[in-house]
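Before any comments, here is the structure.
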């Protein structure tokens, strides 16, 4: 059986909260999701791609809405070779420069070097108020990524 993982990633891929703020946010998330199997924080060495796993359903261009999958894999490969330090690409579908972080992922995805993670939370989403509280503790806006792993 697969697990559902809620990942909360700062909208700025390079943003890292302090360890104290991260731990406070973890404790707060645990209080919001008391039935989760596990709630943790993850500090990554560099920027990584947090994808929805088995929930993957495609990606569209942020500028024109065209299907981005024909060029997305090559763009991701090039960005990964640069350790995701530069996420800006020129979308072949429309010629507009877009961030890989801002593409329209059918199931949300995000780039980051920090994540709050809740494994198998019984709730399907956090309320806007709960997200606001977490963002205040972290000091930055957060994106929610639901991954099936």
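The values are calculated or read from the model by the stated rules, or taken from the named source; none is laboratory data. On a predicted model such as this, the values are computed, not experimentally measured, just so you know. Glycine gets a Cβ as well: all are built from the backbone with ideal geometry, and neighbour counts include every protein chain shown.
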Please state which one of 60, 75, 106 is touching a helix residue (DSSP H, G or I) at 6+ places or on another chain (Cβ under 8 Å) and surrounded by 12 or more Cβ atoms within 10 Å (Cβ to Cβ). 75
Kindly evaluate residue 129 against the criterion of being surrounded by 15 or more Cβ atoms within 10 Å (Cβ to Cβ), out of contact with any strand residue (DSSP E or B) (no Cβ under 8 Å at 6 or more places or on another chain) and over 30 Å from residue 71 (Cα atoms). no
Just to check your reading of the model, which residue among 86, 51, 20 is under 18 Å from the mean Cα position of the chain (by Cα) and surrounded by fewer than 13 Cβ atoms within 10 Å (Cβ to Cβ)? 86
Cβ-Cβ under 6 Å pairs, at least 6 apart or on other chains, region 3-15 side loosely packed, with under 15 Cβ neighbours inside 10 Å, far side assigned to a loop (DSSP other than H, G, I, E, B): 3/120; 3/149
So in region 89-103, with the set limited to residues that are touching a helix residue (DSSP H, G or I) at 6+ places or on another chain (Cβ under 8 Å) and without any contact (Cβ under 8 Å) to a residue 24 or more places away in the chain, which one is nearest to residue 8 (Cα to Cα)? 89
For residue 100, indicate whether it is on the phi < 0 side of the Ramachandran plot, under 13 Å from the mean Cα position of the chain (by Cα) and not assigned by TED's automatic domain parsing to the domain that holds residue 2. yes
